[in-house]
1. Post the alpha-carbon centroid distance, segment 147-161 to segment 80-126, in whole angstrom.
2. Once you charge only the Cβ atoms, +1 for Lys and Arg and -1 for Asp and Glu, what is the size of the charge dipole of segment 132-174 about its Cα centre, to the nearest 20 debye?
3. Set Lys and Arg Cβ to +1 and Asp and Glu Cβ to -1, take the dipole of segment 71-126 about its Cα centre, and tell me which of 97, 113, 125 lies farthest positive.
4. Pick the calculated P(r) over Cα pairs in 5 Å bins from 0, in percent for this structure from (i) 1, 5, 10, 13, 15, 14, 11, 8, 6, 5, 4, 3, 2, 1, 0, 0; (ii) 1, 6, 14, 16, 17, 14, 11, 8, 6, 4, 2, 0, 0; (iii) 1, 6, 13, 17, 19, 18, 14, 9, 3, 1, 0?
5. By its C-alpha gyration tensor, with a ≥ b ≥ c as the square roots of the eigenvalues, how is segment 1-60 shaped: rounded for a/c under 1.5, else prolate for a/b larger than b/c, else oblate?
6. Apply the Kirkwood formula to segment 26-164: the hydrodynamic radius equals the inverse of the mean of 1/r over all pairs of different alpha-carbon atoms; give it in Å with one decimal.
7. Just need the relative contact order of segment 164-256 here, percent rounded to a whole number, with Cα pairs under 8 Å and 6+ apart.
8. Could you work out which residue, out of 186, 19, 228, moves most in a Gaussian network model of the chain, that is, has the largest mean-square fluctuation with Cα springs under 10 Å?
Amino acid sequence: MNQVGKAIPHDSAIGHVTGLAHYIEDLPPLAGELWVDFAGAPTASGRIVSVDFRKAASLPGVVGVYSHHDIDGVNIFGPIIVDEPFLVEDEISYLGQPVVVIAAKNRRIARLAKRLVEIEVDPESPILGIEDAIASGTYLGPHRRIQRGDLEDGFSQCDEIVEGTFHCKGQEQFYLESQACQAIPGEMGQLKLISSTQNPTETQAVVAEVLGLQMHQVVCECKRMGGGFGGKETQSALPALMVGLVAQKAGQPARI
């Protein structure tokens, strides 16, 4: 109780204000480290017709290009409802959804390579609002009903009834540090992940399951994050999966 009424500095305050705190982008590159990027779906909704990444794979400096065919585990993940593919196989759910992962010797080459990936799709009309989703019967999970008391009886006893529709426009905060991860391959198929995540255990579990590894083969470390707001839980699994896939297949450290 000797701290009551006193201003207590944050444990990481000195490192943050002096710049001594190392975020993933500050970590020095490891020998043979690869830069990772991805080519995403060109439409918000539709189905994949064909994917041609031969031009990207032949670009000097590109070490590997990987699709869902290269996944040793299960190509699906999710925190509560497991329904999101890591890499698109057929159906596209959103614009920019990862289709292929690219590993290159530097960031510039990785960005050039992603532009060379040719993704042909059969576009469909996207569902962009709750009204469209209800009309098409498209829901994120099972139907649930929360009910208590007699609603009709309650309304009959009201002096005034106000009805209408209210739209709350959600916003995602901007992180000072983007989604980032570094993967380091170890012996016997092991992976070490240094991830900007709010849930290291979930990241460990997702990467292990998708890449066909056991939990004890994946170690996830999070020293600090440059912002979270809930957006670095499941969302941080995608970059971890990408660098983990590259480290597993190429046998070299990787970062995104």
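1. After rounding, the separation between the Cα centres reads 50 Å.
2. Numbers: 4 positive and 8 negative charges, 76 e Å.
So the magnitude is around 360 debye.
3. About the Cα centre, the residue reaching furthest to the positive side is 113.
4. Computed from these coordinates, P(r) over Cα pairs in 5 Å bins from 0, in percent corresponds to label (i).
5. Working: a/c = 6.43, a/b = 2.28, b/c = 2.82.
Oblate.
6. 18.7
7. On the way: 166 pairs, mean separation 35.3, N = 93.
Computed over segment 164-256, the figure is 38 percent.
8. Per the Cα network of the chain with a 10 Å cutoff, 19 tops the list.
The values are calculated or read from the model by the stated rules, or taken from the named source; none is laboratory data. Worth saying up front: this structure is predicted, and the values here are computed from it rather than measured. Every residue, glycine among them, receives a Cβ derived from its backbone with ideal geometry; neighbour counts consider all protein chains shown. Please note that ligands, DNA and RNA were not included when accessible areas were found on the heavy atoms of the full protein model with its side chains. Shrake-Rupley method; radii C 1.70, N 1.55, O 1.52, S 1.80 Å.
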